[in-house]
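What follows is a short report on a single structure.
The values are calculated or read from the model by the stated rules, or taken from the named source; none is laboratory data. Being a predicted model, the structure only gives us computed values, none of them experimental. Cβ placement follows ideal geometry from the backbone for every residue including glycine, while neighbour counts extend to all protein chains displayed. SASA here: full protein model, heavy atoms, side chains in, ligands and nucleic acids out. Shrake-Rupley method; radii C 1.70, N 1.55, O 1.52, S 1.80 Å.
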Amino acid sequence: MQTVTLIPGDGIGPEITEAAVKILEAANAQIEWDIQTAGAEVAEKEGSPLPDRVIESVKRNRVALKAPVTTPIGKGFRSVNVQLRKSLDLYANLRPCKNIEGIKTRFDNVDIVIVRENTEDLYAGIERQIDKDSAESIKIITRKASLRIAEFAFEYAVKNNRKTVHAVSKANICKLTDGLFLNCTREIAEKYPEIEYKEILVDNLCMQLVQNPEKFDVLVLPNLYGDIVSDLCAGLVGGLGIAQGANIGENAAVFEPVHGSAPDIKGQNRANPTALILSAIEMLRYINQNETAARVEKALYTVIKEGKCLTQDLGGEATTNEFCEEIIKFL
Ligand code: NAI
């Protein structure tokens with residue numbers, strides 16, 4: 001039995017968490033959940049949206065499954081997600097984007113893995129009001145963080161039989177910061193002659209991704225570009241409802257969907273839990289419960305391929321609960 005921290009989040013978080021947990025239990029996953037709440041309601045009660053107990057729990061268990069948490073826009077507390085990634089030094093954000101059979105999209109040969117640096121760049125949150133009409137934000141790029149994310153990307157490529165790594169930047173404009181990032185990716189690339197190394201500017205990448213996504217394999221990006229390009233790639237394969245993710249560090253890993261808390265559909269039993277279920281499948285592999293992972297994955301893909309019981313974002317009419325029960329039937 002493995003203890004895993006479970007962060008149900010808010011918005012649609014608790015609904016999709018309930019679905020994912022039910023499926024994992026039906027699959028007989030050997031997991032004991034250490035449930036840790038976080039977010040706005042917790043902030044009201046405990047004075048912080050991310051109390052120390054949550055971080056301590058992930059440190060103790062070394063693995064967590066996390067649903068999205070709302071971040072107030074333009075005011076209020078700092079993102080729980082950013083804080084969690086920073087305090088646990090979860091430096092690599094891994095987001096695979098692959099077509100799933102049964103989900104109709106413009107392209108049917110997308111198989112991209114995004115490796116996003118998770119700890120610095122504009123997400124360092126160092127902002128300053130200069131005067132009433134101007135503000136500034138500091139973009140931080142360090143050699144240490146750039147080297148280790150590049151290393152992660154190339155190691156991933158080798159272990160997963162990938163052929164090419166593209167380093168993504170805007171080094172023509174951000175000459176010092178993105179220039180440093182590229183110097184580091186070049187340095188690491190030299191150690192991996194078996195992997196083809198290429199560089200591309202982020203604007204050009206976006207254009208090419210929506211025209212010829214099959215040209216791309218592994219992408220390694222600083223934090224902000226990684227965040228934006230992940231959503232773009234999620235859109236290529238069927239939207240945020242199916243986009244999984246993982247935040248990985250030396251000592252802990254947090255598995256979570258790419259999407260946010262979707263307040264617009266909260267409490268309506270219509271959220272798609274697939275992204276969280278796929279994240280949970282990767283988590284099962286991370287804790288070596290590979291057989292359970294394979295069974296859940298097969299059941300999920302069968303339901304999607306059959307196309308009879310899909311949530312609204314995938315063109316169906318099923319509720320979150322109905323979709324979840326259908327997966328359990330196929331386990
Ligand atoms: P969002 O991802 O929550 O929603 C964007 C659109 O996609 C909405 O129309 C939503 O209904 C739809 N959508 C998202 N997930 C879905 C699902 N599973 N099933 C069906 N439809 C889904 O992005 P938004 O609106 O920009 O952010 C909402 C909140 O979430 C913000 O407070 C943001 O800070 C937070 N957020 C949290 C993240 C996390 O906890 N890791 C990541 C991204 C955003």
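Could you grab me the full set of residues in region 293-319 that are touching a strand residue (DSSP E or B) at 6+ places or on another chain (Cβ under 9 Å) and away from the ligand (no atom under 16 Å from the Cβ)?
Result: Lys308, single match.
Can you name every residue in region 96-147 that is of a type in the set (Lys, Arg), closer than 23 Å to Ile281 by Cα and outside any strand (DSSP E or B)?
Lys104
How many residues, within region 222-261, are touching a Phe, Trp or Tyr at 6+ places or on another chain (Cβ under 9 Å) and under 15 Å from Asn118 (Cα atoms)?
Qualifying residue count, region 222-261: 12.
Only one residue in Asn247, Asn223 is within 10 Å of the ligand (Cβ to nearest atom), modelled with pLDDT of 95 or more and either under 19 Å from the mean Cα position of the chain (by Cα) or of a type in the set (Ser, Thr, Tyr) (or both), so which one is that? Give the derivation first.
On the way: Asn223 fails: within 10 Å of the ligand (Cβ to nearest atom).
Every option except Asn247 fails the conditions.
Looking for whichever is assigned to a helix (DSSP H, G or I), within 16 Å of the ligand (Cβ to nearest atom) and open to solvent by less than 40 Å² (accessible area, probe 1.4 Å) here; the options are Ser230, Ser261. Which one fits?
Ser230
Looking at region 267-292 only, could you name the residues that are open to solvent by 50 Å² or more (accessible area, probe 1.4 Å) and either within 9 Å of the ligand (Cβ to nearest atom) or under 22 Å from Ile112 (Cα atoms) (or both)?
Residues satisfying the conditions are Arg270, Glu282, Arg285, Tyr286.
For region 43-66, name all the residues that are among the aliphatic types (A, V, I, L, M) and either closer than 15 Å to Leu90 by Cβ or open to solvent by 70 Å² or more (accessible area, probe 1.4 Å) (or both).
The first filter runs over region 43-66 and keeps only residues among the aliphatic types (A, V, I, L, M), leaving 43, 50, 54-55, 58, 63-65.
Leu50, Val54, Ile55, Val58, Val63, Ala64, Leu65, listed by residue number.
If the requirement is being among the β-branched types (Val, Ile, Thr) and in the same structural domain as Ile287 (by TED's automatic domain parsing), which of these qualifies: Val58, Val115? Break it down into steps so the answer makes sense when it comes.
Values: Val115 fails: in the same structural domain as Ile287 (by TED's automatic domain parsing).
Sole residue among the options that is among the β-branched types (Val, Ile, Thr) and in the same structural domain as Ile287 (by TED's automatic domain parsing): Val58.
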